[in-house]
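J.: Once you've had a glance at the structure underneath, I'll fire off some questions.
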Amino acid sequence: MDFLKGIGKLAGDVTGKVLGGTVRVAGELVHSNYIKEIGNDVERITAKTGEIAGQAASGVWDVGAGLLTADKQQAKSGLDELGDAVTTTVTGVGHGIEYVIESGKDMVTGITQNDKELLKEGAMKMGKAAAITTIGIGLVDLVDGPDGTGAA
């Protein structure tokens with residue numbers, strides 16, 4: 001259902017602009033390009049998350065509607081959408097893991113070769129990954145509510 005995809009994309013875009021924009025403003029206030037880059041990444045990743053959530057919701061809707069109406073094509077279309085959402089998510093997680101591993105390698109190489117610049121670069125990339133992850137998990141906790149009990 002394209003309507004659900006649109007809602008997910010819109011929610012992700014708006015949330016990304018609010019969260020990313022807030023982080024960017026903080027970067028402006030302290031004159032830090034590093035923090036502004038984190039804001040840009042938060043916006044991009046949050047928008048993508050909304051898009052994936054909308055795609056998954058659309059897939060669930062189509063599977064359910066297809067099963068209820070015995071429309072095999074609609075159910076198959078929904079399953080395909082769910083599969084695409086899972087594939088996109090797994091790919092994104094894989095890229096994130098690669099980024100963290102690469103950052104860790106840079107840090108270790110920087111330490112072992114006494115390369116302060118490489119160590120600093122690896123630490124900054126690791127910090128960026130941690131900040132983006134923390135904001136993302138915070139967003140999920142906000143939506144999910146305290147201890148997974150739903151929004152209050």
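J.: Summing -39500 (n - 2.57) over the DSSP H runs of n ≥ 4 in the chain and dividing by its residue number, what mean residue ellipticity at 222 nm do you reach, to the nearest 500 deg cm²/dmol?
T.: -32500 deg cm²/dmol
J.: Using a basic spin-label model with each label point 7 Å from the Cα along Cα→Cβ, how many nm lie between ASP84 and VAL30?
T.: The answer from the label model is 4.0 nm.
J.: Measure off 7 Å from each Cα along the Cα-to-Cβ vector at ALA65 and ALA130, then give the distance between these two points in nanometres to one decimal.
T.: 4.6 nm
J.: If we sort 16-26, 111-121 on the protection proxy, mean other Cβ atoms within 10 Å, highest first, what's the order?
T.: 16-26, 111-121
J.: In whole angstrom, note down how far apart the Cα centers of segment 81-137 and segment 1-56 are.
T.: So the separation of the two Cα centres works out to 19 Å.
J.: Separate question: Can you pick out the pairs among LYS36/LYS116; LYS48/LYS76; LYS17/LYS72; LYS17/LYS125; LYS17/LYS76 whose Cα atoms lie more than 29 Å from each other? Working shown, then result.
T.: Numbers: LYS36/LYS116 23 Å; LYS48/LYS76 24 Å; LYS17/LYS72 39 Å; LYS17/LYS125 22 Å; LYS17/LYS76 34 Å.
Exceeds cut-off: LYS17/LYS72; LYS17/LYS76.
J.: Using 0.36 nm per residue, how much length does the chain from THR91 to LYS76 gain when fully extended, once their Cα-Cα distance is taken away?
T.: Values: separation 15, 0.36 × 15 = 5.40 nm, distance 2.23 nm.
Between THR91 and LYS76, full extension yields 3.2 nm more.
J.: Quickly work out the ASP2-to-LYS120 label distance, labels modelled 7 Å from Cα along the C-beta direction, and quote it in nm with one decimal.
T.: 5.1 nm
J.: Here are several values of Kirkwood radius over Cα pairs in Å: (i) 17.5; (ii) 15.6; (iii) 16.3. Which one was derived from the coordinates shown?
T.: Checked against the structure: label (i).
J.: Here is a follow-up. Quick check for me: using +1 on Lys/Arg Cβ and -1 on Asp/Glu Cβ, what's the dipole size of the chain about its Cα centre, in debye to the nearest 20?
T.: In debye, rounded to 20, the chain gives about 220.
Only the coordinates and a few stated rules stand behind these numbers; no lab work does. What you see is a predicted model; the values in this text were computed from it and never measured. Positions of Cβ are backbone-derived with ideal geometry, glycine not excepted, and every protein chain shown enters the neighbour counts.
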